[in-house]
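Structure first, then comments.
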Amino acid sequence: MPNQTVLSGLDADRVQGYRAILCDLDGCLIAGGKLLPGAAGFVQTVLDRLWIVSNNSSDTAETLAARLKTLGLNVPENRILLAGEQAVEYLERTSPGARLRCLADEPIAEKAAEHGFELGSGLTDYVLLGRMAAFDLEQLTHTVADLHSGARLLLANADRTHPDQSGTPVPETGAWLAAVEACLPGLDFECFGKPAPHLLTEALRRAGAHPAEAVFVGDNPETDGAAAETLGLDFIEIRRLPATKGSQLPPRQGNVESVSC
């Protein structure tokens, strides 16, 4: 059985001996656009084995790596797997040239256009739903019409919220999904982000590691923990004590072990 541990902060000593260290982003390394305590040291110590695996559906690996670099987190692009970008690449492999409604922020929409998808205004074959800042009633109307007419929904991630620096919930893609499901009860869709295993499987493939040689570090047992369990990875849950201030990123219940951050 995979091991499960709860810590109050990142601890490089707890991931010694693993060939691959998969780590969530929001709530583990950053929160509310700020670097969390212990993140810089943790990344520096384990960088040669680190893979960021995030349900982020607004950035590409390129744009996120550039933003993280300003904080001193110099993680190579090929070590960053993000739900929105990986969903586009998945669709390219399975349905190249399809008509796509890409409901995600500009970096993901640009990625879809670069991969040759037809991003027209009429009815589409697929709807990719990510965390689109401009999602509104008009977007909801078009989405419902597409899906009602037979388009397939690919969900970047099902997270309803993610935490800001103070722990306040910030609406996520799952909130947009709830609006769609209110109009189309019983809607069938494929979720690409955690808890689905797509991202973790790709990270392990790139690392050349078996599940028994890897550990997943995350803050959400419903998504991170469930994905780790599906693949048989050890799981470290980060359940932080009240947050302290960290460096600013440019715009865009149980027992807890205390560790030094």
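The values are calculated or read from the model by the stated rules, or taken from the named source; none is laboratory data. Here the structure is a predicted model, which is why all the values come from computation and not from measurement. Every residue, glycine among them, receives a Cβ derived from its backbone with ideal geometry; neighbour counts consider all protein chains shown. Heavy atoms of the whole protein, side chains included, go into the accessibility calculation; ligands, DNA and RNA do not. Shrake-Rupley method; radii C 1.70, N 1.55, O 1.52, S 1.80 Å.
Structure notes:
- Residue 235 sits among other residues whose Cβ lies under 9 Å from its own Cβ, and their net charge, with Lys and Arg +1 and Asp and Glu -1, is -4.
- Here the 3J(HN,Hα) profile of the range 218-235, calculated from phi with Karplus coefficients 6.51, -1.76 and 1.60 at θ = phi - 60°, is x, 10, 10, x, 6, 10, 4, x, 5, 5, 4, 5, 4, 9, x, 8, 4, 10 Hz, Gly and Pro shown as x.
- Scaled against 2.2 N^0.38 Å for its residue count N, the alpha carbon radius of gyration of the range 112-247 is 1.23.
- For residue 153, the residues whose modelled amide H falls within less than 5 Å of its own, excluding neighbours fewer than 5 places apart on the same chain, are 127, 190.
- Normalised by residue count, the chain yields a Cα convex hull volume of 128 Å³ per residue.
- FRET efficiency, residue 133 to residue 110 (Cβ-Cβ, R0 22 Å, nearest 0.05): 0.90
- Projected onto planes of every orientation and averaged, the convex hull of the alpha-carbon atoms in the range 34-166 covers 9.0 nm².
- Qualifying aspartates and glutamates (Cα of each under 14 Å from Cα of residue 111; at least 8 residues distant if same chain): 59, 62, 85, 89, 92
- Taking a Cβ cut-off of under 11 Å around residue 24, the surrounding Lys, Arg, Asp and Glu residues balance to a net charge of -4, with basic ones at +1 and acidic ones at -1.
- Where trypsin sites (Lys or Arg not before Pro) fall in DSSP loop in the range 1-63, at most 15 other Cβ within 10 Å: 19
- The alpha-carbon of residue 34 sits under 12 angstrom from the alpha-carbons of these aspartates and glutamates, leaving out residues fewer than 8 places away in its chain: 26, 164.
- Per-atom-type breakdown for the range 101-208 gives carbon and sulfur 54% of the accessible area (1.4 Å probe, protein chains only).
- Under the Karplus curve 6.51 cos²θ - 1.76 cosθ + 1.60, θ = phi - 60°, whole-Hz ³J(HN,Hα) for the range 44-56, x wherever Gly or Pro sits: 4, 6, 10, 4, 5, 10, 8, 9, 7, 10, 10, 7, 3
- Cα-based values for the range 88-158, radius of gyration first and Dmax second, are 11.0, 31 Å.
- For residue 197, the shell of other residues with beta-carbons less than 13 Å away shows a net charge of -2, using +1 for Lys and Arg and -1 for Asp and Glu.
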